Amino acid sequence: MSLHTRPLGLAALATTGCLLLTGEGAAAALPIPLPIAFPCPGAQPDGGLPPAPARRYAGTTEEDGGPGTAAWGTEADGVSRWFRRQAVPGPEATPHPETTPPPKTAPHPECATQPAARGTAGAGGVGDRYFPQSGNTGYDAADYRVDLRYSPKTRGIDSTVTMTATATQDLSSFDLDFRGPAVRSATVDGAPAKYQRTANKLVITPPAALDEGATFTTAVHYAGRPSPIGNPDLGTYGWVASRDGAVVVSEPDGAPTWIPVNDHPSDKATYTFAVTVPKDLQVLANGVPDTPATHGPDTTYTWHERMPMASYLASIAIGRFQVRKGTVALPGGRRIPVITAVDPAFKKAAAKLYTTTVKAIAWESTLFGPYPFSTVGGIVDDPRLDYALETQERPVYGGFAPDDDFIVHELAHQWFGDSVSLRTWGDIWLNEGFATYAEWLWHERTGKDSAKKAFQRYYRQPATSPIFNPPPGRPGKDELFGFSIYIRGAMCLQALRDRVGSPTFFKILRAWAAQHRYGNATTAQFEALAQQMSHKKLAGLFDAWLNTKNKPKRW
């Protein structure tokens with residue numbers, strides 16, 4: 001996700017610094033000044049740029065405000081699409097925590113943290129270069145159970161999250177990432193524990209220190225109305241209110257808006273969501289559903305994500321939906337459930353979301369290897385976020401009906417990003433470059449276009465184009481989801497394919513997905529695998545495409 005300034009293609013930025021419409025009804029460049037200065041050619045004579053990366057902004061039409069909105073134009077299959085340049089602020093969005101001084105929070109009068117008799121405190125923050133305060137050390141989370149009750153009247157929640165973890169050191173206290181509603185209580189192994197909130201952390205001190213290697217549970221009860229994060233670069237994310245409920249889209253660090261969690265992709269865990277709502281509402285989430293249980297005026301929906309999942313991929317959607325269920329046959333005779341859901345405002349998109357999801361996941365399984373999860377699907381909800389996120393097993397499309405490219409992109413992430421996850425955020429191209437390349441392959445499958453042609457069309461852009469800068473292997477936090485991470489990242493893969501040949505290239509992709517299935521990996525590991533399997537020296541190629549500023553000239 002990706003997030004939230006997700007570019008969808010440069011298609012035709014005019015050299016005048018105005019937007020160039022390239023589709024039907026586009027007679028000239030609109031006089032919308034760009035906030036950044038870079039020369040970019042318009043559409044190429046051979047038919048313009050290839051399909052845009054699908055994880056960025058979703059198309060808008062005249063009916064939903066297209067021409068009145070500052071946007072990137074992009075061309076796909078001869079039809080002009082519009083993309084918002086900034087995410088729509090969500091309801092009650094709060095500033096991003098790393099751009100706002102943390103509030104000074106006094107300890108709860110009965111829960112001031114006291115040092116335990118032995119052990120040391122776990123550190124708050126795993127030291128990720130781009131999100132140094134995210135995540136926590138001292139334990140390894142294995143499982144989370146989220147018991148949550150939602151009230152439409154107050155739009156609030158009453159929730160208890162229970163984490164099962166293993167101490168990786170003697171622990172006197174440990175941190176969880178949390179900036180959600182007021183905490184009512186905390187326990188460790190069933191016994192009351194002292195806690196303190198400081199900025200975006202919840203510090204828990206167990207009654208006695210935890211021994212290294214010990215498995216423990218901690219339960220946090222909290223209640224109130226969650227708020228999303230609002231960030232000028234990343235948009236609106238986290239817990240986002242919808243017209244009739246809420247939807248959760250958390251990349252990169254929005255999970256703590258609604259659950260206390262070890263919020264870094266390096267600590268993946270399984271999840272159970274048991275969400276109680278009035279019986280006229282429904283709940284979708286990651287994983288496999290139980291049969292809903294109705295008791296009086298309420299219904300509890302329980303979903304199990306049985307495969308390890310990064311916290312930013314955890315999601316629930318509460319509201320009224322048109323749900324479609326079925327199965328899809330995958331290579332090798334395996335058949336898995338397909339569950340898609342759309343808000344009534346997008347009921348016309350319900351059939352296409354389902355059928356394209358089925359086609360895309362079966363096709364991608366032939367390219368990338370066995371599908372890593374138990375179900376597949378997608379959710380279209382009404383908040384006007386105008387981006388999609390690859391929430392595990394069931395991507396969320398925020399306020400738009402996705403086209404094929406969006407669906408293919410988000411489903412490719414199930415292998416590259418969800419199953420094989422980042423170890424640090426600086427390797428984000430391993431997610432976005434791979435998923436963008438899947439879009440190019442989707443068009444190649446028909447024989448009418450090819451990933452090679454897409455590469456060539458993009459390569460005609462000047463060296464100063466944002467598709468080349470910053471280098472995707474060194475994006476910087478502010479450009480974590482910039483154009484180059486998607487497009488130049490995909491171009492790196494095409495350069496690799498050209499060097500090693502298509503048979504070896506696809507073997508590398510399948511081996512990458514298999515070797516790091518349900519785990520975490522780095523760019524260095526991908527480079528090593530490619531060299532090992534191809535028996536070629538590839539350091540210069542990867543350095544040119546991932547680390548060198550401006551347009552690569554030699555590789």
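Points worth noting:
- Region 208-226 - residue that is aliphatic (A, V, I, L, M) and not in a strand (DSSP E or B) and, of those, nearest to the chain's Cα centre (by Cα): Ala214
- Among (1) in contact (Cβ under 8 Å) with a residue 60 or more places away in the chain; (2) crowded, with 24+ Cβ neighbours inside 10 Å; (3) touching a Leu at 6+ places or on another chain (Cβ under 8 Å), the one test that Leu171 misses: (1)
- Some residue of region 353-372 being under 21 Å from Glu432 (Cβ atoms), part of a loop (DSSP other than H, G, I, E, B), touching an Asp or Glu at 6+ places or on another chain (Cβ under 6 Å) and touching a residue at least 12 places away in the same chain (Cβ under 8 Å): no
- Applying the set (1) surrounded by 20 or more Cβ atoms within 10 Å (Cβ to Cβ); (2) not in a strand (DSSP E or B) to Thr291 leaves exactly one unmet item: (1).
- All positions within region 166-211 that are among the aromatic types (Phe, Trp, Tyr) and out of contact with any Cys (no Cβ under 6 Å at 6 or more places or on another chain): Phe174, Phe178
Quick grid of which residues meet (1) touching a helix residue (DSSP H, G or I) at 6+ places or on another chain (Cβ under 9 Å); (2) farther than 22 Å from Glu393 by Cβ; (3) surrounded by fewer than 24 Cβ atoms within 10 Å (Cβ to Cβ); (4) of a type outside the set (A, V, I, L, M, F, W, C):
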{"residue": "Val420", "(1), (2), (3), (4)": "yes, no, no, no"}
{"residue": "Trp429", "(1), (2), (3), (4)": "yes, yes, no, no"}
{"residue": "His443", "(1), (2), (3), (4)": "yes, yes, yes, yes"}
{"residue": "Gly447", "(1), (2), (3), (4)": "no, yes, yes, yes"}
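- In region 451-470 there is no residue that is of a type in the set (D, E, K, R), surrounded by 21 or more Cβ atoms within 10 Å (Cβ to Cβ) and over 19 Å from Phe542 (Cα atoms).
- The residues on offer are Tyr301, Tyr312, and the sole one that is among the aromatic types (Phe, Trp, Tyr), assigned to a strand (DSSP E or B) and on the phi < 0 side of the Ramachandran plot is Tyr301.
- Pick from region 403-420, criterion part of a loop (DSSP other than H, G, I, E, B) and not hydroxyl-bearing (Ser, Thr, Tyr), ranking: farthest from the chain's Cα centre (by Cα): Asp403
- Test result for Asp211, touching a Ser or Thr at 6+ places or on another chain (Cβ under 9 Å) and more than 25 Å from Thr294 (Cβ to Cβ): no
- Per-region count, region 176-207, residues more than 14 Å from Thr162 (Cα to Cα) and among the small types (Gly, Ala, Ser): 3
- Residue under evaluation Ala165, criteria (1) surrounded by 20 or more Cβ atoms within 10 Å (Cβ to Cβ); (2) at pLDDT below 95, criterion not met: (2)
- The set of residues in region 232-257 that are at pLDDT below 95 and crowded, with 24+ Cβ neighbours inside 10 Å comprises Leu234, Gly235.
- Filter result (crowded, with 24+ Cβ neighbours inside 10 Å and not in a loop (DSSP other than H, G, I, E, B)) within region 258-272: Val261, Tyr271
- Extreme residue, surrounded by the fewest Cβ atoms within 10 Å (Cβ to Cβ), among residues of region 491-507 that are within 15 Å of Ala435 (Cα to Cα) and hydrophobic (A, V, I, L, M, F, W, C): Phe506
- Where Thr504 falls short, out of the listed (1) modelled with pLDDT under 95; (2) polar (S, T, N, Q); (3) over 26 Å from Leu234 (Cα atoms): (1)
- Residue in region 381-398 that is touching a strand residue (DSSP E or B) at 6+ places or on another chain (Cβ under 7 Å) and farther than 22 Å from Gln322 by Cα present: no
- Residue match in region 429-442 (condition: of a type in the set (A, V, I, L, M, F, W, C), in a loop (DSSP other than H, G, I, E, B), in contact (Cβ under 8 Å) with a residue 24 or more places away in the chain and in contact with a Ser or Thr (Cβ under 7 Å, 6 or more places away or on another chain)): no
- Residue check, Arg488 out of contact with any His (no Cβ under 7 Å at 6 or more places or on another chain), modelled with pLDDT of 95 or more, among the charged types (D, E, K, R) and surrounded by fewer than 17 Cβ atoms within 10 Å (Cβ to Cβ): no
- Against the list (1) in contact with a Leu (Cβ under 9 Å, 6 or more places away or on another chain); (2) part of a helix (DSSP H, G or I); (3) aliphatic (A, V, I, L, M); (4) within 27 Å of Thr272 (Cβ to Cβ), the condition Ile379 fails is (2).
The values are calculated or read from the model by the stated rules, or taken from the named source; none is laboratory data. Everything quoted here is computed from the prediction, not taken from an experiment. So basically every Cβ, Gly included, is an ideal-geometry build from the backbone, and we count neighbours across all protein chains shown.
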